[in-house]
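Take a look at the structure set out below.
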Amino acid sequence: LSPAGIAQAEAIATRVADLAPDLILTSPLRRAAETADIIAATCGTQAVPNDLLLEINFGKLEGMTLEEASGMYPGITDSWQALAGDFSFPGGENFLHFNHRAHQMAEMVRERPENDILLVAHGGILRGVLCHLLAVEADGPLRFRLGYAALTTVIVYDDAGAVLTGFNMG
């Protein structure tokens, strides 16, 4: 994390500590894991890595801007932005697999015995989990823009319903 990222993590940690999460799950990727560790230390607990929270594997497009990806792979951004189920990033993950992981994480959240679960991860996977929890259409992830180190809260009910109670707070 950059110094700005550390400051953001420390600021959100104070807010999250008031919520007293029973469990903190994190992507094992470095920025998310470091953020989760800062939050966990403030909450007096530990963050548990979970591979379901990995961001989509962009393959050969990792680190490229949309313009660079379009130049190297003409038409790829149209398929990407359409969230076509059979779309795969060159050398990376396809949306069907990614969507399945998001669904698995949403179901894990529903089934965990802990009442208050914090997920610390990346925008794409968090948007996917949010869509599954809220029963939003498959193109839903493009409808949400999550800020860095921002808190979004959802109440998940036993009947499989869920309600968005806070969005991009931070």
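In whole Hz, what ³J(HN,Hα) sequence does segment 43-59 give by Karplus (6.51, -1.76, 1.60; θ = phi - 60°), x for Gly and Pro?
Result, ordered by residue: 8, x, 9, 10, 8, 10, x, 9, 5, 5, 8, 4, 5, 4, 7, 7, x Hz.
First compute the accessible area of segment 105-170 with a 1.4 Å probe, then give the percent of it belonging to carbon and sulfur atoms. Please report the intermediate quantities before stating the final value.
Values: 1850 of 3790 Å².
The nonpolar share, carbon plus sulfur, comes to 49 percent.
Compute the long axis of helix 3-19 from its Cα atoms, compare it with the longest principal axis of the Cα atoms of the chain, and write down the angle in degrees, 0 to 90, nearest 10.
50 degrees
Compute the angle between helix 123-134 and the longest alpha-carbon principal axis of the chain, please, reported from 0 to 90 degrees and rounded to the nearest 10.
So the helix axis and the longest Cα principal axis differ by about 70 degrees.
In segment 22-170, what percentage of the DSSP-assigned beta bridges are antiparallel, given to the nearest 5? All intermediate terms of the calculation are to be shown ahead of the outcome.
Values: 6 of 13 bridges.
In segment 22-170, approximately 45 percent of DSSP beta bridges are antiparallel ones.
Could you work out the helix-only [θ] at 222 nm for the chain, with each DSSP H run of four or more residues adding -39,500 (n - 2.57) and the total divided by the number of residues, to the nearest 500 deg cm²/dmol? Each step should come with its number before you reach the end.
Details: 6 runs with 73 residues, N = 170.
Result for the chain, helices only: -13500 deg cm²/dmol.
Taking the mean number of other Cβ atoms within 10 Å as a proxy for protection, how do you rank 11-21, 39-49 from highest to lowest?
Numbers: 11-21: 15.2, 39-49: 16.8.
Top to bottom by mean Cβ count within 10 Å: 39-49, 11-21.
Taking a probe of 1.4 angstrom, what is the accessible area of MET64 in Å², to the nearest 10?
Number for this one is 60 Å².
For segment 1-118, what relative contact order do you get, as a whole percent, if you take Cα pairs closer than 8 Å and at least 6 residues apart? Spell out each step's value before the answer.
Working: 133 pairs, mean separation 32.8, N = 118.
Value for segment 1-118: 28 percent.
I'd like the distance between the alpha-carbon centres of segment 49-66 and segment 104-127, rounded to an integer number of Å.
With segment 49-66 and segment 104-127 each reduced to a Cα centre, they are spaced 18 Å.
Convert each backbone phi in segment 101-109 into a coupling constant with the Karplus relation 6.51 cos²θ - 1.76 cosθ + 1.60 (shift: θ = phi - 60°), then list the ³J(HN,Hα) values in order as whole Hz, x for Gly and Pro.
4, 4, 5, 4, 5, 4, 5, 4, 4
What number comes out for accessible area per residue over segment 1-120 if the probe is 1.4 Å? Units Å², please. Mind showing how you got there, number by number?
Details: 6730 Å² over 120 residues.
I get 56 Å² per residue for this part.
Quick one, which of (i) 48, 42, 24; (ii) 46, 33, 31; (iii) 76, 48, 27 is the actual Cα extents along the principal axes in Å calculated for this model?
Entry (i).
The values are calculated or read from the model by the stated rules, or taken from the named source; none is laboratory data. Computed from a predicted structure; not experimentally measured. Ideal geometry is used to build each Cβ from the backbone, glycine not excepted, and the neighbour counts take in all protein chains shown. All accessible areas refer to the heavy atoms of the entire protein, side chains included, with ligands and DNA or RNA removed. Shrake-Rupley method; radii C 1.70, N 1.55, O 1.52, S 1.80 Å.
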